[in-house]
Structures are given as C-alpha cells and as structure tokens.
There are 2 protein chains.
Amino acid sequence: AWGWGLQGGSRLWVLEAPRSLCAHACAQTGAGMFTPVSPGRPKDYALPNASWSRDMLDLYDRFLAMTKEGLWKRIPSYNNVLDHIPGKALRGLPSRKKDTRLFLRSIEAEGVGFEYVMFLNSSEKRVVCLFQPGSYLEGHPGFAHGGSIATIIDSTIGSCAIFVAGRVMTANLSINYMSPVPLGSVVLVDSKVDKVEGRKVFLSCKVQSVDGGTLHAEATGKDRVQVAQGVCKRVGVGLC
Amino acid sequence: AWGWGLQGGSRLWVLEAPRSLCAHACAQTGAGMFTPVSPGRPKDYALPNASWSRDMLDLYDRFLAMTKEGLWKRIPSYNNVLDHIPGKALRGLPSRKKDTRLFLRSIEAEGVGFEYVMFLNSSEKRVVCLFQPGSYLEGHPGFAHGGSIATIIDSTIGSCAIFVAGRVMTANLSINYMSPVPLGSVVLVDSKVDKVEGRKVFLSCKVQSVDGGTLHAEATGKDRVQVAQGVCKRVGVGLC
C-alpha cells in the first residue's frame, strides 16, 4: 500500500512511515477515551482531549471508523519534531534539544492552541486535517489569525507531500482567504497531491466548515523533494 | 503626516493610529534598557528583552535612531488584540475575553516564540519587522516552520496595509520560500504597499538575513479594505 508514487528522495519516509504511523496504538482510541502517555514514549497530541468540541469528536469518530476499513490512517503528532522521524533517518540530524518544539504544538495547555488530528488516505494521495483553533490563535477579534490558517495548511499539505514523495520542503504557498474562521469552531483542511513533476510536488487544499456550507480558504502549494545534498543535508528529513 | 492615501474605510485607524502608536513611550527605550510594565497599562512586547541577540539589539538600535529623525515610528505590540484598537473603535466589538491572545504573542516565555518589533515609515508606505524566531517555532529540525514565516509576513504586510488603508483583512497571501530561517537567527521582514485599487491593497514583502546576503522568502499579499457592513461589521477593526 506504500509503494505507489515513489520519488527518488522518498526512500526513508515511504519505507519507514508505516512503522512511525502505527507505533503509538493509532486509531484505537474513541472519542471520550483519552489515552494516557506511556512511560518512555512521547505524548501523541493527535488524540481527543477534554477541550475537543462535540463537532470535533464527532468528526474524529467518523474518520476513526474509516480507518477500520483500511483506506485511512491517523497520523500521530508529537511536540518535538525529532519524534516524527524514524530512527535510521535521525543520523546526521542535530541531537535532541529539549528546548525546541514543533510550532503547532508549542502551546502546552489543551484547547487554546492548535487542536488537530490528520488522517491520511494514501490511495487518494490525500490528507484531511480536523482543526479546532483555540483562543490563543487570535487575529481579528474572535477569529483565527491568517497566519494560523497558513500554518495548518502548510502542515497538512506538507504531510500529504511527505507521504507521497518523501523528504520535502515548502517552496510556494498561495492562499485565498474567503471567510474568517471563528475561534473554537471546527474546520476540515482537505489537501491532495495534484501532480508530481520531477522533484516538484503540486498540491491543493480547501478549508471548509464541518457542514461544508462555508469555504473559509483555498490554497495551492508547491513542495520541493529534498535529496541528501547541500541545503537538504542541513535541513534533514521533511516532516509535518 | 497621517493624511496621505486615505481610503473610504480608513477613518478610524488613520485618525487614531498616531495616538495608539505613541501611547506607550515608544522609541524611548534603547537596547539593554528593558521597560517595566506600568500598572494599568498592557505590556508592550515590542521592546528589547534579555532573549534578544546582539544582531537583534543592534538592528533595533539602528531603527530607533531613525525614529528620532521622524520618518520611522516603532509600532507597539500587545498580547491581546483589543489593546491594539483605539477606544472609539472598540464599540460593537466583543468585550474583552481574558482567555484570548494575539497569535504572535501566545507564548508567554521570552525568546522561545515570536520575538519581533515593527517600524513604520508612512511616507514610504513601508513596514519593516525585525524578527528573531524562537525554539518553539520549529518546523524542520533547527529551522523556523514555514507557517511561522507565513505568520510574520501576514502580520507585517497587514500592519502596512492598516496604516495606509485602515481596516483590512488578508484576501490573498502568496509566499516563495527560498532558504529556511535558522531558529534564533534574526531576519528583516520588509513590506511595502505597491498600489491601492478601490478596496484592494497590493503589497509585497521580502524576508532577508541581517547582512542582506540571504533572501529567505518573498511574498505578495492582497488585503481587502473593510467597511462597517456585513462580515466587516462582525470582524471589526483590522490590526496586526
């Protein structure tokens, strides 16, 4: 299931992603059942917590049900980027710094930052992110900052590109903002790979309300597949 | 000095911005002199703190010197969006919610989030932001997340548009990422208004290293001037 669309630079991620994806009992936790952190394992933040709204929990349950049919997989999420990277790929990367955090997981308190979980459908080359922006992401009063919307889009399309093409970095991101996203609401960030040309991965993304009635934003992204040379060597493995 | 480029929707901001800009002893604090918070006044985060690097402090001092010539003004920054809005313009907006924070000021600890200060040159229709991304903004190991770069660009061009055209919301943001920004480094985010057509404000922006030798990203933005009707009424006054 992981063999399609392989690009030159994709070796590490495509081969190792399934292990990473399944290392933390993914897709076994239903809404309302909050998973404790196991000793020695990093906390997986892409699981329900007490701050998730009914809309968020309902959507999560729907996607979780789809994972049981095998086409979708939940993507775990940690607050340190190095935890996303399979063991072998860590060679050559800087050693763990305790004072760094993945930007989207930088706010510790539940519910006030980025509450999100991503699901991957590899046969559709698609990643859907359920996103509930918290009250610390404010831009205009009562609404999520345009930068926070850009951030969740960049991460979602980045995840999508990684699972299709391996190591990637965002080369271009273009967003049309149609309607502001209220803080505390839930939106679906739906991204897919449109085409792969050489080292370029072209993606598109829509940010919609749960009922599908409001298109909050749409975006296109171009990711560059990385190889272990030059800047790419310094930057290391792409991750969400 | 604030009378140029007035658009229909700009009344509140253009008339009241100078008061807001100068309400907090702006441009009087030199590098190394950290300003205590006055009782009853919100803390201004756009002032040097102990986390600022030598590069950041040097640049700050250079811009501060330019403010004394009168062409540049430092823009204060608070962690609650309502503190950016002049008193009269608050009417009709939701009352203060203590649990909301401006996205860029959501991380309390000094040095790990967005450390930045913006300077406005109104005659050039330009805002320059000095930005030092902290260790909680990580994307690829050791580098600032693309979403954090999008966020500082969106805020900088938004500030630029506000001072030219008044109430605005980002309509489009397109970013080319050239070179990743190392965590802890300092970059200049340099934005200007290219043209105003009706309610549309067109802006461009460059993110460069302090020595000018590295172009990290370039962007174009289109902001929509808001009027007090429909969505705009709900959204309120544009702010950075």
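The values are calculated or read from the model by the stated rules, or taken from the named source; none is laboratory data. It should be emphasised that the depicted structure is a prediction, and the values quoted were computed from it without experimental measurement. Note: ideal-geometry Cβ built from the backbone for every residue, glycine included; neighbour counts use all protein chains shown. Calculation scope for accessible area: heavy atoms of the full protein, side chains included, ligands and nucleic acids excluded. Shrake-Rupley method; radii C 1.70, N 1.55, O 1.52, S 1.80 Å.
What to note about this one:
- Checking each residue in the range B:181-212 for being surrounded by fewer than 22 Cβ atoms within 10 Å (Cβ to Cβ) and within 12 Å of chain A (Cβ to nearest Cβ) picks out B:PRO182, B:GLY184.
- Residues in the range A:98-111 that are in contact (Cβ under 8 Å) with a residue 60 or more places away in the chain and either crowded, with 17+ Cβ neighbours inside 10 Å or within 7 Å of chain B (Cβ to nearest Cβ) (or both): 2 in all.
- Single residue of B:GLY166, B:GLY158, B:GLY146 found to be facing chain A (nearest Cβ under 7 Å) and touching a residue at least 24 places away in the same chain (Cβ under 8 Å): B:GLY146
- Residue tally, condition modelled with pLDDT of 95 or more, open to solvent by less than 30 Å² (accessible area, probe 1.4 Å) and of a type in the set (A, V, I, L, M), over the range A:167-180: 3
- Residue in the range B:152-166 that is part of a loop (DSSP other than H, G, I, E, B) and open to solvent by 10 Å² or more (accessible area, probe 1.4 Å) present: no
- Unmet criterion (only one of (1) assigned to a strand (DSSP E or B); (2) away from chain B (no Cβ under 12 Å)) for A:ASN172: (2)
- Criterion (out of contact with any strand residue (DSSP E or B) (no Cβ under 6 Å at 6 or more places or on another chain), at pLDDT 95 or above and farther than 14 Å from A:PHE131 by Cβ) met by exactly one of A:GLY213, A:GLY198, A:GLY184: A:GLY213
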